[in-house]
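The values are calculated or read from the model by the stated rules, or taken from the named source; none is laboratory data. If you're wondering where the values come from, they're calculated on a predicted model, not measured in any experiment. Ideal geometry is used to build each Cβ from the backbone, glycine not excepted, and the neighbour counts take in all protein chains shown. Areas reflect the complete protein model, heavy atoms only, side chains present, ligands, DNA and RNA absent. Shrake-Rupley method; radii C 1.70, N 1.55, O 1.52, S 1.80 Å.
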Amino acid sequence: MNQDIKIGVAGCGALGTIVCNALRDGIEGYDFVGVSDIEEVDFGVPNLSFAELAEKCDMVVECLPPKIVPELAQDVLKRDKDLMMISACSLLLFPEINDIAAKSNGRIMMPSGAIAGLDAISALNCAGIDSATIATTKHPRGLKGAPYIVSENIDLDKIEGNTLIFRGSALEAAQAFPANINVAATLSFAGIGPEKTQVEVWADPNAQGNCHEITVKGGSSTIKTSVDNLPDPTNPKSSMLAGYSLVAALRKSHGKIVVI
Ligand SMILES: NC(=O)c1ccc[n+]([C@@H]2O[C@H](COP(=O)([O-])OP(=O)(O)OC[C@H]3O[C@@H](n4cnc5c(N)ncnc54)[C@H](O)[C@@H]3O)[C@@H](O)[C@H]2O)c1
């Protein structure tokens, strides 16, 4: 019988709360030992600093604002512990995390987040992918303040129909729309990397939520997926599916019959 994995959650906002509630209810194979949040939170486990949490855990689940992730990554990976990371964009915005990971025996794991089809895309990648595109459509207000919108002087209030705002690589999208590219980053890591993965950002004043449409083409297959997510009730920038993708990833590591 394997010992349970000691696990903690850093960041207990919209997505972290979903994970903490699932861990408190019990996920087979895990011992929920702590959380870390600057706010007061109560999930029946102690609220610790990143360093204390990393020390106590075998694995830490990250649900933080992206700019905080390098600090957590350092604390977790330098102790050779595993990091399950929902803020995939951090790896594009802060490449130093890759250097920390390269020197660590700990691993970085990324769940599917708000998109679908990464299992098939990873499989096709073993044979070869020719092109990978993700088109994200959201209401113009969801793009307000993005560096690209500011630098290009785009008046979001004047957009009337579904309008293509940006097209570029996932790496370029990271600079242009840092708050909107987790999905593009995850796709790029599952497939052909951030330079070759293409990103389109559409603004639609009639959009109710966020839609992510992926098209990946390789020799033997074309994969197309589309996910419509309503905004999370507590954080409209996130969708609950991303939180449940973390719970699903944890469940997968211990089931007797598992679809991976
Ligand atoms: N991969 C995906 O598909 C996907 C989808 C949605 C969101 N995300 C990303 O997931 C992350 C979390 O999203 P969310 O909606 O839960 O965010 P949130 O803002 O609701 O929660 C963030 C939590 O982190 C805490 N926090 C902030 N600074 C901290 C610090 N220094 N130390 C400890 N805790 C701190 C906050 O108090 C808050 O509880 C974001 O980076 C978001 O971009 C990824």
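Okay, here's what the table says:
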quantity: The chain: relative contact order in percent, alpha carbon pairs under 8 Å with at least 6 residues between; calculated: 21
quantity: Highest-first arrangement of 214-221, 253-260, 181-188, where packing means the average Cβ count within 10 Å; calculated: 181-188, 214-221, 253-260
quantity: Amide hydrogen neighbours beyond the local backbone of residue 165, cut-off 5 Å, H modeled; calculated: 201, 202, 203
quantity: Radius of gyration and maximum dimension Dmax of the range 39-161, Cα, Å; calculated: 18.4, 52
quantity: On Cα atoms only, tilt of 240-252 relative to the major axis of the chain in degrees; calculated: 40
quantity: 12 Å tail of the calculated P(r), the range 14-53, as % of Cα pairs; calculated: 59
quantity: Ordering of 42-51, 109-118 by packing [mean C-beta count within 10 Å, highest first]; calculated: 109-118, 42-51
quantity: Inter-probe distance in nm under a simple model that places probes 7 Å from Cα toward Cβ, at residue 25 and residue 105; calculated: 3.5
quantity: The range 150-165 - phi-based ³J(HN,Hα) in whole Hz, Karplus 6.51/-1.76/1.60, Gly and Pro as x; calculated: 5, 5, 8, 6, 7, 8, 5, 5, 8, 6, 9, x, 4, 10, 6, 9
quantity: Radius of gyration and Dmax over the Cα atoms of the range 174-249, both given in Å; calculated: 13.6, 42
quantity: Sum of side-chain charges, residue 14 neighbourhood, beta-carbon under 15 Å (Lys, Arg +1; Asp, Glu -1); calculated: -3
quantity: Stretch gain in nm, segment residue 234-residue 208, where the contour uses 0.36 nm per residue and the Cα spacing is subtracted; calculated: 7.8 nm
quantity: The chain, accessible surface, carbon-and-sulfur percent (1.4 angstrom probe); calculated: 49
quantity: Rounded FRET efficiency, nearest 0.05, which uses the C-beta distance separating residue 179 from residue 52 and R0 of 41 Å; calculated: 0.90
quantity: Cα pair distances of the range 118-230 binned at 5 Å [whole percent]; calculated: 2, 13, 23, 22, 18, 11, 6, 3, 1
quantity: Residue-wise HN-Hα coupling along the range 96-102, computed from phi with Karplus coefficients 6.51, -1.76, 1.60 (Hz; x: Gly, Pro); calculated: 4, 4, 4, 5, 5, 5, 4
quantity: Surface/4 estimate of mean projected area, convex hull on alpha-carbon atoms of the chain, nm²; calculated: 14.5
quantity: Normalised contact order of the range 118-230, rounded percent, pairs of Cα under 8 Å and 6 or more residues apart; calculated: 42
quantity: Average accessible surface area per residue within the range 118-259, 1.4 Å rolling probe, Å²; calculated: 53
quantity: Computed over the range 123-179, Kirkwood Rh from alpha-carbon pairs, angstrom; calculated: 13.1
quantity: Inter-probe distance in nm under a simple model that places probes 7 Å from Cα toward Cβ, at residue 157 and residue 126; calculated: 5.4
quantity: Compactness relative to 2.2 N^0.38 Å, alpha carbon Rg of the range 1-78; calculated: 1.01
quantity: Whole-Hz couplings from phi, Karplus 6.51/-1.76/1.60, listed for the range 8-24; x for Gly and Pro; calculated: x, 10, 9, x, 10, x, 4, 7, x, 4, 4, 5, 4, 4, 5, 5, 5
